[in-house]
Amino acid sequence: MSEQVEELTLTELTDLVGGESIGRSTIGFTGIADITDAKDTEIGVLIDPAYLSKTKTSKAGALLVSQDLSAKLSSEVCQIVSENPRKAVALLLDHFYSLQKTPIGVHSTAIVHENAQIGNDFYAGPYVVVEDCVNIGDGVKIHSHSVIQRGVEIGNEVVIHSHVVICPSVRIGSRVTMQAGSRIGTEGFGYFNSGEKSVRIPHVGGCILGDDTEIGANTCIDRGSLGDTVIENGVKIDNLVHVAHNVVIGANTLLSAQVGIAGSTKIGIGTKWGGQSGVAGHIEIGDYTEISAKAGVIEDSAPHSRLAGFPAKDLKEFLRGQAHIGRIEGLRKQIRELREIIKGHFTDDSHSEKS
Amino acid sequence: MSEQVEELTLTELTDLVGGESIGRSTIGFTGIADITDAKDTEIGVLIDPAYLSKTKTSKAGALLVSQDLSAKLSSEVCQIVSENPRKAVALLLDHFYSLQKTPIGVHSTAIVHENAQIGNDFYAGPYVVVEDCVNIGDGVKIHSHSVIQRGVEIGNEVVIHSHVVICPSVRIGSRVTMQAGSRIGTEGFGYFNSGEKSVRIPHVGGCILGDDTEIGANTCIDRGSLGDTVIENGVKIDNLVHVAHNVVIGANTLLSAQVGIAGSTKIGIGTKWGGQSGVAGHIEIGDYTEISAKAGVIEDSAPHSRLAGFPAKDLKEFLRGQAHIGRIEGLRKQIRELREIIKGHFTDDSHSEKS
Amino acid sequence: MSEQVEELTLTELTDLVGGESIGRSTIGFTGIADITDAKDTEIGVLIDPAYLSKTKTSKAGALLVSQDLSAKLSSEVCQIVSENPRKAVALLLDHFYSLQKTPIGVHSTAIVHENAQIGNDFYAGPYVVVEDCVNIGDGVKIHSHSVIQRGVEIGNEVVIHSHVVICPSVRIGSRVTMQAGSRIGTEGFGYFNSGEKSVRIPHVGGCILGDDTEIGANTCIDRGSLGDTVIENGVKIDNLVHVAHNVVIGANTLLSAQVGIAGSTKIGIGTKWGGQSGVAGHIEIGDYTEISAKAGVIEDSAPHSRLAGFPAKDLKEFLRGQAHIGRIEGLRKQIRELREIIKGHFTDDSHSEKS
């Protein structure tokens, strides 16, 4: 992933990302890397204090650091000192790597239906399939083997990595990214009972992904049964996540890997979900709720709640409870002691110990 | 997903789904939708009492309701009143949407081996691969990019969505559906130790999916190592589920999303598994057992058990235990109080408090 | 999966796998199967004592058994008695099934870039894509629809099953297997906050899979953001596992199905992870740590730890705690009894009961 371009000096890079530069350096930098990997023409990144000791052995031509960490470095070390070093990393990555040629054109093996409407700067890789009545905006890149089924609408500047399936009539906003193997608009798990058997309820609702949403590798988002599944603007979803039919996920929510959201649950804006957490169906999760890793939520939550455990409860209460479990054994012992004391003083000993 | 067909009146639709019609309506209905989305030529669905208040603003030409909810509506609201409104929804969806053209034919880019036996009304989409010695019944639809490997047998009326892989010699019954990205008959996680290393035991057993089974998106079902992995008739499996080698899943079982079943476990008929639950290997789960979301079962279960937690125990016991955790702090306090009382009366104070 | 070859006698098979043969048998054996499935020309496998009773009804021509189980069988039953019957199974499977023709050649629909370097005995199935600057060793088999992106390096004797995606510049060792649908080197879940929004940090690091690693179906391994994600030699990963960016997994580790490893965590060698377990980001897990199924680790662990629960703690402590939860109710009752006794003897009754 190389093909870098314009080499900038320390001062020029500092102008690019904001902040202050320290030390004398006139070389043109060629890239950015971990402090341990960076070469003498690269910026080394030092964000984690645990890596401070690596400064001595680093070959980096200069370091990108926070103000805190800069204070612990010799002023002889060339530095870009940034208030928001993570943002600076992203800007530097963008500078060094974004000018990689993004492909344009339709590969000879891609099948794009004659009724599909396609915008400018379109790319379709080998074995891509775009079915009829699809409507695609400008700057959309569809990588090898991905399938865009009948009637799908896609906005501008969308990147669809390899082996993605987008099912009929799904609507995708602009600046959306889907990692390899994601499934959007599949038919969900909805049945009615007929004696011991389960009979499928056809799922004919829609599935809508807002602007600036991102979907992780092998993540599955089901379409609605009736009505729509909705992923609002700015939602980021990690790998192997399950979003069931008719779920609504509020804007800017973050779902970590392997989260599961059951059917018809409505999630507020700005919520954060730890890895492997989940929520039952037909629940409402308040805005800005934070769900701990592995939690299982089975009740509505108020805005700004912090939840953990199963059934999920307030995080602090959960952690206190977990700590208390280790004390039960001690309590048993104390009760036994009290009983002994009392027994020694009273004749009344009819109460047998049970545990 | 449009292309509706025959418009029926309220009376005709009621005849179709059973139940009773209320109100005067002579229009021809064109579809079915959520009560909040339905247009004036559509049936609005009102099953959840929480949506009763939406009746006033709904534009639906008529409502499909249960007898309970009908009793709360004005008799001026046009209604189909059903004993089983979920079943009625399925029947109406089938009426309005099932006549979508189901494709027939083999796409010019599909590779179907000359030795494959193929039934009538076959569809193979773009880039489908059907290898040699495959045997496929009537009415089977295989969507784009799916791969049916050597020696697979498939019954009638099976729908294989895009990007499915069916590994060699897997046997699939009739009326089976596989959602996008499911993997059937992959080689599982079986090794023997050789010092610190793990050496693969080849997995050469079979994998059998019974009639009326359904497999969710990106779900993985491993073949047996020796012997078979068996999914019995009527089993429904949601997205991102893991079924390991040599598992047997009893008829009509329901596995929710992200469930994991470890190797050689045998599950009875009619069991229900909540999302993200799991079971250890070499376990027997009794018929009609219900496993709570997130539970982890590590012992055999009796029929009709209801289990929760990890290690899983009886559901009621689990919930009681969870409630009790919050009381430990109070118990500590009470013990301290009792100790104080006793201390105030006895000189014997040699027992120190520990917690 | 048939096409067996050389039929060996009981004595010859025993020579092949080591151990001792019991009983008179001169037939040529044609295969190996479960004790319940084996035909009269096959070796039946009896490793699990629970299947001892199946000996009477088995049609197997001979049994493969451990020394323990052999002692419980009549000496009239033909047997191969092995110190390590699992290893013997693998050797017998190898004998009976490994000579299946492994395909060679590039399918006419496979697209292999002219700049790709390809070793001997290469196989690329239908619709495989190998992009430019890819470097592939000897004996590599790539099955239908898999995509090997730009700059990937692959060692010798690697098997890539159908529908795998390997992203740009990933480096794969020798004797590696990837099951269907695995995603290697995808871009992970890394953002910086910009007000309420999350803005992607480009992930331009590498992803390295060591020799003898195996990756399960639909498992996802993200590339590094800066620096590399590293899966060391001999690591085996089951289905639907998530490995985030910049994770390092020590040699010979075993990750069961649906495990999740969050970003930048460093795992020691020889660790074992139960199904659906997980670990937070930026953690160090000591060598030979064993993580119970469903555990969630949020702190560094010492070598040889055994952990369970969430937040994960020592396994024994966890199990003791779980057992104690069931005793809380009894403790409440005992405290109430003690209070009654004391109350009956003292006038001081000012302490109210709370729970």
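The values are calculated or read from the model by the stated rules, or taken from the named source; none is laboratory data. Note that this is a predicted model, so its numbers are computed, not measured. Positions of Cβ are backbone-derived with ideal geometry, glycine not excepted, and every protein chain shown enters the neighbour counts. To get the accessible areas, we keep the full protein, side chains included, count just its heavy atoms, and leave off ligands, DNA and RNA. Shrake-Rupley method; radii C 1.70, N 1.55, O 1.52, S 1.80 Å.
Within segment A:278-306, the set of residues being of a type in the set (Ser, Thr, Tyr) and either touching a residue at least 60 places away in the same chain (Cβ under 8 Å) or within 13 Å of another protein chain (Cβ to nearest Cβ) (or both) comprises A:Tyr288, A:Ser292.
Taking the numbered list (1) open to solvent by 30 Å² or more (accessible area, probe 1.4 Å); (2) outside any strand (DSSP E or B); (3) more than 7 Å from chain A (Cβ to nearest Cβ) in turn, C:Asn193 passes all entries but (2). Here B:Ile291, B:Ile231, B:Ile221, B:Ile267 are screened, and the one residue that is surrounded by 24 or more Cβ atoms within 10 Å (Cβ to Cβ) and more than 22 Å from B:Gly188 (Cα to Cα) is B:Ile291.
When the criteria are applied in full, A:Ser162 fails the requirement of being more than 8 Å from every other protein chain (Cβ to nearest Cβ), touching a His at 6+ places or on another chain (Cβ under 9 Å) and either buried (at least 24 other Cβ atoms within 10 Å of the Cβ) or modelled with pLDDT of 95 or more (or both).
Go through segment A:196-207 and count every residue that is more than 9 Å from chain B (Cβ to nearest Cβ) and open to solvent by 10 Å² or more (accessible area, probe 1.4 Å). I'd like the intermediate steps shown before the answer.
Our first condition is that a residue be more than 9 Å from chain B (Cβ to nearest Cβ); within segment A:196-207, this holds for A:207.
Checking which are open to solvent by 10 Å² or more (accessible area, probe 1.4 Å) leaves us with none.
Residues flagged as more than 9 Å from chain B (Cβ to nearest Cβ) and open to solvent by 10 Å² or more (accessible area, probe 1.4 Å) within segment A:196-207 amount to 0.
Going residue by residue through segment A:101-112, is there one that turns out to be within 25 Å of A:Asp238 (Cβ to Cβ), out of contact with any Pro (no Cβ under 7 Å at 6 or more places or on another chain) and at pLDDT below 95? Reasoning before the result, please.
Taking segment A:101-112 as the starting set, the residues that turn out to be within 25 Å of A:Asp238 (Cβ to Cβ) are A:102.
Then keep just the ones that are out of contact with any Pro (no Cβ under 7 Å at 6 or more places or on another chain); that gives A:102.
This time we only want the ones that are at pLDDT below 95, so: A:102.
Yes; the residues of segment A:101-112 include at least one that is within 25 Å of A:Asp238 (Cβ to Cβ), out of contact with any Pro (no Cβ under 7 Å at 6 or more places or on another chain) and at pLDDT below 95.
For segment A:289-315, a tally of residues being in a strand (DSSP E or B) and closer than 27 Å to B:Lys313 by Cβ returns 8.
The selection criterion, being among the basic types (Lys, Arg), more than 9 Å from chain B (Cβ to nearest Cβ) and surrounded by fewer than 23 Cβ atoms within 10 Å (Cβ to Cβ), holds for A:Arg175.
Identify all residues within segment C:147-159 that are over 13 Å from C:Cys133 (Cβ atoms) and at the interface with another protein chain (Cβ under 8 Å from one of its Cβ atoms); write none if there are none. Outline the logic, then answer.
Of segment C:147-159, the ones over 13 Å from C:Cys133 (Cβ atoms) are C:147, C:155-159.
Of everything in segment C:147-159, just one residue is over 13 Å from C:Cys133 (Cβ atoms) and at the interface with another protein chain (Cβ under 8 Å from one of its Cβ atoms), namely C:Val147.
Can you tell me which of (1) touching a residue at least 40 places away in the same chain (Cβ under 8 Å); (2) within 30 Å of C:Leu46 (Cβ to Cβ) is the one C:Val170 doesn't meet? In the conditions (1) touching a residue at least 40 places away in the same chain (Cβ under 8 Å); (2) within 30 Å of C:Leu46 (Cβ to Cβ), C:Val170 misses (2) alone. Checking B:His282, B:His304 one by one, the residue that is in contact with a Phe, Trp or Tyr (Cβ under 9 Å, 6 or more places away or on another chain), of a type outside the set (Phe, Trp, Tyr) and open to solvent by 30 Å² or more (accessible area, probe 1.4 Å) is B:His304 and no other.
Only residues that are assigned to a loop (DSSP other than H, G, I, E, B), within 19 Å of A:Gly227 (Cβ to Cβ) and free of Cβ contacts under 8 Å to residues at least 60 places away in the same chain: list them for segment A:252-277, please.
Filtering segment A:252-277 for residues assigned to a loop (DSSP other than H, G, I, E, B) gives A:252-253, A:256-259, A:262-265, A:268-271, A:274-277.
Now restrict to residues that are within 19 Å of A:Gly227 (Cβ to Cβ): A:262-265, A:268.
Scanning segment A:252-277 gives A:Ala262, A:Ser264, A:Thr265, A:Gly268.
Tally the residues that are part of a loop (DSSP other than H, G, I, E, B), of a type outside the set (D, E, K, R) and open to solvent by 60 Å² or more (accessible area, probe 1.4 Å), restricting the search to segment A:108-133.
Residues in segment A:108-133 being part of a loop (DSSP other than H, G, I, E, B), of a type outside the set (D, E, K, R) and open to solvent by 60 Å² or more (accessible area, probe 1.4 Å): 5 in total.
Inspect segment B:93-103 for any residue being free of Cβ contacts under 8 Å to residues at least 40 places away in the same chain, more than 10 Å from every other protein chain (Cβ to nearest Cβ) and surrounded by fewer than 19 Cβ atoms within 10 Å (Cβ to Cβ) and give the result as yes or no. The answer is yes, given that some residue of segment B:93-103 is free of Cβ contacts under 8 Å to residues at least 40 places away in the same chain, more than 10 Å from every other protein chain (Cβ to nearest Cβ) and surrounded by fewer than 19 Cβ atoms within 10 Å (Cβ to Cβ). Just a yes or no: is a residue in segment A:226-243 touching a residue at least 24 places away in the same chain (Cβ under 8 Å) and in contact with a Phe, Trp or Tyr (Cβ under 6 Å, 6 or more places away or on another chain)? Yes - at least one qualifying residue is present in segment A:226-243. Screening C:Glu329 against (1) part of a loop (DSSP other than H, G, I, E, B); (2) open to solvent by 80 Å² or more (accessible area, probe 1.4 Å); (3) within 13 Å of chain A (Cβ to nearest Cβ) leaves a single unmet condition, (1). Within segment A:52-71, the set of residues being assigned to a loop (DSSP other than H, G, I, E, B) and farther than 21 Å from A:Glu6 by Cβ comprises A:Thr57, A:Ser58, A:Lys59, A:Ala71. When B:Asp37 is tested against (1) part of a helix (DSSP H, G or I); (2) without any contact (Cβ under 8 Å) to a residue 12 or more places away in the chain, only condition (1) is not met. Taking segment C:52-68 as the range and being open to solvent by 80 Å² or more (accessible area, probe 1.4 Å) and in contact with an Asp or Glu (Cβ under 8 Å, 6 or more places away or on another chain) as the test, the residues that pass are C:Lys59, C:Gln67. If you filter segment A:191-218 down to residues that are over 15 Å from the mean Cα position of the chain (by Cα) and of a type in the set (Ser, Thr, Tyr), you find that the one that is modelled with the lowest pLDDT is A:Ser194. For segment B:203-243, a residue qualifies if it is farther than 18 Å from A:Arg183 by Cβ, among the charged types (D, E, K, R) and in a loop (DSSP other than H, G, I, E, B), and the qualifying residues are B:Asp211, B:Asp212, B:Arg223, B:Glu232. Taken as a whole, the structure leaves B:Ile136 outside the set of residues that are within 24 Å of B:Ala110 (Cβ to Cβ), open to solvent by less than 20 Å² (accessible area, probe 1.4 Å) and either at the interface with chain C (Cβ under 10 Å from one of its Cβ atoms) or of a type in the set (S, T, N, Q) (or both).
Scan segment A:255-264 for residues that are at negative phi and open to solvent by less than 20 Å² (accessible area, probe 1.4 Å) and jot them down.
Initially, segment A:255-264 is screened for residues at negative phi, giving A:255-257, A:259-263.
Within segment A:255-264, A:Leu255, A:Ala257, A:Val259, A:Gly260, A:Ile261, A:Gly263 qualify.
Could you please let me know if C:Ala71 is at pLDDT 90 or above, of a type in the set (A, V, I, L, M, F, W, C) and open to solvent by less than 20 Å² (accessible area, probe 1.4 Å)? The answer is no for C:Ala71.
Beta carbons closer than 9 Å, at least 6 apart along the sequence or on distinct chains, pair a first residue in segment C:179-206 that is in contact (Cβ under 8 Å) with a residue 40 or more places away in the chain and over 28 Å from A:Ala251 (Cα atoms) with a second that is among the charged types (D, E, K, R) and open to solvent by less than 10 Å² (accessible area, probe 1.4 Å) for C:Gln179/B:Arg183; C:Gln179/B:Asp222; C:Gly205/C:Arg223.
Filtered by the rule that a residue be modelled with pLDDT of 90 or more and either small (Gly, Ala, Ser) or not in a strand (DSSP E or B) (or both), segment A:40-51 gives A:Asp40, A:Thr41, A:Gly44. Of the residues making up segment C:208-218, those that are on the phi < 0 side of the Ramachandran plot, within 9 Å of another protein chain (Cβ to nearest Cβ) and open to solvent by 10 Å² or more (accessible area, probe 1.4 Å) number 1. Of everything in segment C:313-326 that is within 10 Å of chain A (Cβ to nearest Cβ) and closer than 11 Å to C:Ala295 by Cβ, the residue that is least open to solvent (accessible area, probe 1.4 Å) is C:Phe318.
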